[in-house]
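Notes follow once the structure below has been shown.
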Amino acid sequence: MTGSTEDLITSREYYFNRIVIHNLRAIVPEYLEDHGNITKVVFKNGQKTFFKKSYRSTVAKLISDMGYHQEELVKKYGQVINRKQGIPIPLTENDVMVQIKYRKPIGKDDGAMARINPEDLKDIRPLEADKNKSVLIFKNGDTMNSLTKYQDLITHITHGYQVLKEFNENIFDF
C-alpha cells in the first residue's frame, strides 16, 4: 500500500459528489496491521484515497451519497440480471461499478470483494500462471489482479452494462 496512515480519512470527512463518482476506477479492501480493514478508493487518474472504514461500509456510503437506498437498488437491478448478490451499481449515464473477487479473506468480517469501473478498462486477460484468476489492465496502464475467472469477469461486466442500460432508460424511475 502506498501512502501513510496519516492519509487515512473517515467516511464522515468525505462525500462522494458527482465529480468524484464520475472519476471512480475501483473500490478495494485493504488490510493494515495497525488499522485492520480499510478501503482504498482509486480514481481514473491513479490518485488513491484511503478510508478507515470497511469495504462494505464504503460501498454503502457511496450508494447513500448518490441518494439511493441499497435494498431498492439490489431489488430493482437484481431483477434485471436475475441475481441477488454482486449487483452492479450504476453511477452516471456512462459509469457502473461491477463487483469482482479481489482477494482471499484474511480474517472474520474481512472483505474479499472489490468494485471496478469497466469503462476505465483497456483489457482483461486470464492470468498465465492460474486460469482461475484474471488480470485487469486499465487505460493508463495500471494493472489489478482478480480472483475472478476470466469468463465470470466478462459475465459480471456484461451484467454491469445491462444494469447501466436499464438505469439510462429509466433514470427518473427509481
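Bear in mind these aren't lab numbers, they're just calculated from the coordinates by the rules spelled out. Source: prediction; values computed, not measured. Don't worry about glycine lacking a Cβ; one is built from the backbone with ideal geometry, like all the others, and counts go over all protein chains shown.
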Considering only the stretch 31-84, state which residues are within 19 Å of V163 (Cβ to Cβ), in contact (Cβ under 8 Å) with a residue 24 or more places away in the chain, part of a loop (DSSP other than H, G, I, E, B) and over 15 Å from the mean Cα position of the chain (by Cα).
-> Y68, R83
Quickly run through the stretch 94-146 and pick out the residues that are of a type in the set (D, E, K, R), in a strand (DSSP E or B) and under 19 Å from S54 (Cβ atoms).
-> K101, R115
What do you reckon, is N94 without any contact (Cβ under 8 Å) to a residue 24 or more places away in the chain and surrounded by fewer than 18 Cβ atoms within 10 Å (Cβ to Cβ)?
-> no
Complete set of residues in the stretch 87-112 that are in contact with a helix residue (DSSP H, G or I) (Cβ under 7 Å, 6 or more places away or on another chain) and either among the polar types (S, T, N, Q) or over 22 Å from G67 (Cβ atoms) (or both) = T92, N94, Q99, I100, G111
